[in-house]
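Below: the structure, in structure tokens.
The values are calculated or read from the model by the stated rules, or taken from the named source; none is laboratory data. Please read all numbers here as calculations on a predicted model, not as lab measurements. Neighbour counts are summed over all protein chains in view; Cβ atoms, including those assigned to glycine, are modelled from backbone coordinates with ideal geometry. These area figures cover heavy atoms from the full protein model, side chains too; ligands, DNA and RNA do not enter into them. Shrake-Rupley method; radii C 1.70, N 1.55, O 1.52, S 1.80 Å.
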Amino acid sequence: MKDRSLLMIPGPVELDPEVVEALAAPITSHLAPIFMEAFGSALERLRQVFQCPDGQPFILAGSGTLAMDTAAVNLVERGDKVLVVNTGYFGDRFADIFERYGAEVTQIRALPGSRPALHEVESALKSGQYKILSVTHVDTSTGVLTDVKGIAALAAKYGVLNIVDGVCSVAGEELRMAEWGVDLAFTASQKAVSTPPGLALLVAGPKALEVFRKRKTPVGSYYADWTLWMPVMEAYEARKPAYFGTPAVNLIRALDVSLGQILAEGMEARWNRHIAISNAVQSAIDAMDMNQVPVNREFAAHTMTAPRFLAGVNGPEFLKKTAQAGVVLAGGLHPAIKAEYYRIGHMGTTSIAEVLTTIGAIETALSSCISSYRPGEAVQAALKAYNT
Ligand code: PMP
């Protein structure tokens, strides 16, 4: 059997061959013209992908958690009030990070699979003097999508800076930073941006930069301090050499290739493809009579799906069987329901052919876990949903 599986987890994701080629290119100096061009171009392209023409992009070596850390440490000062709209594991993490930097954090929590209603967010904003509101666009632990447009509008109404954790959304879910009034958004390279893990990608809008510039106290992290990184980002964008910390040369070259592909597809076409792919997956899951963690379709992400195991199915055994059938899926992550569900990632370059392979592997596993299971219908349901 070939030693190669299809990776369908919510990051890292499968890569386009041109991206892999850029990774394997001979390494250059971080000051070589070919690298300065790639870094500068990647920064310009990030502005377009995040739809924030007047924002300041940052590309840092580190994972998505560094992006969260960077957002918090540059914008929060001790005693600031922060409102966290929490839809799962990554909301908990963001609250911890804000607290680490001295913020007074209030959380609006939803049960796993649900999300706080806009009126709940508004009444929280009304009752407290918040400096910052954070929201996770897609919480990867539940597959819940939040209404970032609605929440950003409320934050703007109450004069509160809003930060979007877009790690499981940017370049997969519709996000229009400038138009929606999002002040800071970030992602990580290994998700819908379709590059290997290793880069934290942030875009700070004008209001976030103003809040940063008006800080009264120094940034509580050396590596993540925008004061030190800003001149580097500005220099590379002007195709000039600069140094603060050695950039991840080949990862950034691969990122630039992937961002070029994303923009060539077009943001709207890409968001729509994610909707079509997710319709196919969701319809197949329905056809297999599996429930999902998100309590309704409106709350369900388009970059991933979180189905619950069928009654009587042993979760770890099922995931082992899908892997044996050639498709790697992820287990549960939300501590309250961890053993009850699994996760399928379908972001980035995912095609309908990969979805059908995935559904086929799930049906193969179900056929072996449940003797009365009749395979075939889910693949048909996926195709039908994709074609309508
Ligand atoms: N936020 C969200 C929504 C995520 O899905 C993840 C990673 N799964 C993170 C933050 C943290 O990213 P990383 O694992 O790259 O540190």
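For the range 227-250, a residue qualifies if it is part of a loop (DSSP other than H, G, I, E, B), hydrophobic (A, V, I, L, M, F, W, C) and under 20 Å from P26 (Cβ atoms), and exactly one does: A248. Residues that are part of a loop (DSSP other than H, G, I, E, B), under 24 Å from V160 (Cβ atoms) and more than 16 Å from the ligand (Cβ to nearest atom) within the range 190-223 comprise G205, K214, R215, K216, T217, P218, V219, G220, listed in sequence order. Restricting L145, L154 to those that are within 16 Å of the ligand (Cβ to nearest atom) and open to solvent by 10 Å² or more (accessible area, probe 1.4 Å) reduces the list to L145.
Checked against the criterion of being outside any helix (DSSP H, G or I), touching a residue at least 60 places away in the same chain (Cβ under 8 Å) and open to solvent by 10 Å² or more (accessible area, probe 1.4 Å), the candidates L15, L66 yield just one match: L15. Among the residues of this structure, L125 counts as one that is away from the ligand (no atom under 15 Å from the Cβ) and open to solvent by less than 10 Å² (accessible area, probe 1.4 Å). Residues of the range 348-371 include none that is touching a strand residue (DSSP E or B) at 6+ places or on another chain (Cβ under 6 Å) and in a loop (DSSP other than H, G, I, E, B). Count of the range 157-172 residues, restricted to those that are open to solvent by less than 10 Å² (accessible area, probe 1.4 Å) and within 11 Å of the ligand (Cβ to nearest atom), is 6. Condition check: surrounded by fewer than 20 Cβ atoms within 10 Å (Cβ to Cβ) and touching a strand residue (DSSP E or B) at 6+ places or on another chain (Cβ under 6 Å). Does R100 satisfy that? No: the conditions fail for R100. Here is a check on your reading of the model: is F94 within 30 Å of S194 (Cα to Cα), under 21 Å from the mean Cα position of the chain (by Cα), open to solvent by less than 10 Å² (accessible area, probe 1.4 Å) and within 16 Å of the ligand (Cβ to nearest atom)? Yes.
The set of residues from the range 103-122 being touching a Gly at 6+ places or on another chain (Cβ under 8 Å) and surrounded by fewer than 19 Cβ atoms within 10 Å (Cβ to Cβ) comprises E104, T106, Q107, R109, L118.
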